Amino acid sequence: LIAQGESDVVEFKETFSLDLKSKTKETYMETSCLKTICGFLNSNGGTLLIGISDKGGIIGLSEEIELFHKKNLDNLLKHFKNKITHRIQGFDDFISYKAISIQKKIIIEVSTKAIEYGIGCYLDGKDFYIRRNPGTDKLEGKELVKYNDEHFKKEKP
């Protein structure tokens with residue numbers, strides 16, 4: 001998956017919360033990952049690999065775990081779950097994630113299924129994102145209404 005690179009259904013993020021330059025915990029880093037997850041949910045589903053550079057380098061999450069999570073992977077996974085639960089509400093059944101080890105480095109693999117019915121997923125209850133190869137775009141206004149009309153079925157059969 002890493003060797004194939006980023007696409008409309010695969011995205012890499014170096015960290016979840018850690019700004020690698022300042023070594024601080026940053027909400028904007030978390031928001032970047034959560035936007036991608038929403039984009040996958042609202043499009044065709046996909047996989048987010050956290051701990052991988054844009055060029056496919058395996059960075060791992062050990063520094064983030066050490067700095068912010070008391071050197072405990074479970075604490076990072078709980079933090080991740082908490083952010084999904086509170087900022088992407090109501091779509092837990094569409095998102096699965098697990099820590100995996102690649103080349104002795106821990107990454108998080110997040111898999112999402114596409115939403116087929118309703119009005120889609122909104123980050124923080126207000127911002128709507130989709131995947132467009134290979135990026136995540138925010139839709140608003142007429143573009144959002146048109147996308148929802150064409151992409152989502154109104155009700156389950």
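The values are calculated or read from the model by the stated rules, or taken from the named source; none is laboratory data. What you see is a predicted model, and the numbers here were worked out from it, not measured in a lab. Quick reminder, even Gly has a Cβ in these numbers, built from the backbone with ideal geometry, and neighbours come from all protein chains shown. Ligands, DNA and RNA are stripped out before the accessible areas are found, and what is left, the full protein with its side chains, is counted by its heavy atoms. Shrake-Rupley method; radii C 1.70, N 1.55, O 1.52, S 1.80 Å.
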Per residue value of the accessible surface for the chain (all protein chains in place, 1.4 Å probe), Å²: 55
Return the single residue from Gly56, Gly46, Gly118 with maximal mean-square fluctuation; model: Gaussian network over the chain, springs between Cα atoms under 10 Å. Gly118
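Counting only protein heavy atoms, what percent of the accessible surface of the range 52-157 is carbon or sulfur at a 1.4 Å probe?
On the way: 3330 of 6750 Å².
Within the range 52-157, the accessible surface is 49 percent carbon and sulfur.
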For the range 1-116, whose charge dipole is built from +1 on Lys and Arg Cβ atoms and -1 on Asp and Glu Cβ atoms, the candidate among Phe12, Thr24, Phe40 with its Cα farthest towards the positive end is Thr24
With angles folded into 0 to 90 degrees, how steeply does helix 141-151 sit against the dominant principal axis of the chain? Use alpha carbons for both and round to 10. 80
According to the square roots a ≥ b ≥ c of the eigenvalues of the Cα gyration tensor, what is the shape class of the range 111-156, taking rounded for a/c under 1.5, prolate for a/b larger than b/c otherwise, and oblate for the remainder? rounded
With axes computed from alpha carbons, what is the tilt in degrees of helix 73-87 against the longest principal axis of the chain, rounded to the nearest 10 within 0 to 90? 20
Could you run the Karplus curve 6.51 cos²θ - 1.76 cosθ + 1.60 with θ = phi - 60° over the range 25-39 and give me ³J(HN,Hα) per residue in whole Hz, x for Gly and Pro? 7, 10, 4, 5, 5, 4, 4, 4, 5, 5, 4, 4, 4, 4, x
Stokes-Einstein D (µm²/s) once Rh is taken as the Kirkwood radius of the chain over alpha-carbon pairs, at 37 °C in 0.692 mPa s: 205
Residue-wise HN-Hα coupling along the range 120-126, computed from phi with Karplus coefficients 6.51, -1.76, 1.60 (Hz; x: Gly, Pro): x, 10, 10, 5, 6, x, 9
Give me, ordered by chain and number, the residues 5 or more places off Val10 or on other chains with an amide H under 5 Å from its own placed amide H. Thr47
Within the chain, which is the longest segment containing none of the GluC sites (Glu not before Pro) that sit in a DSSP loop and have at most 16 other Cβ atoms within 10 Å? 27-115
For each pair in Lys13/Lys83; Lys70/Lys104; Lys13/Lys153, compute the distance between the two Cα atoms and list the pairs where it is over 23 Å. Lys13/Lys153
Of the trypsin sites (Lys or Arg not before Pro) in the range 59-148, which ones lie in a loop per DSSP and count no more than 12 other C-beta atoms within 10 Å? Lys70, Lys71, Lys104, Lys126
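Suppose R0 equals 22 Å. What FRET efficiency, 1/(1 + (r/R0)^6) with r the Cβ-Cβ distance, do Glu155 and Lys126 give to the nearest 0.05?
Values: r = 23 Å, r/R0 = 1.06.
For Glu155 and Lys126, the calculated efficiency is 0.40.
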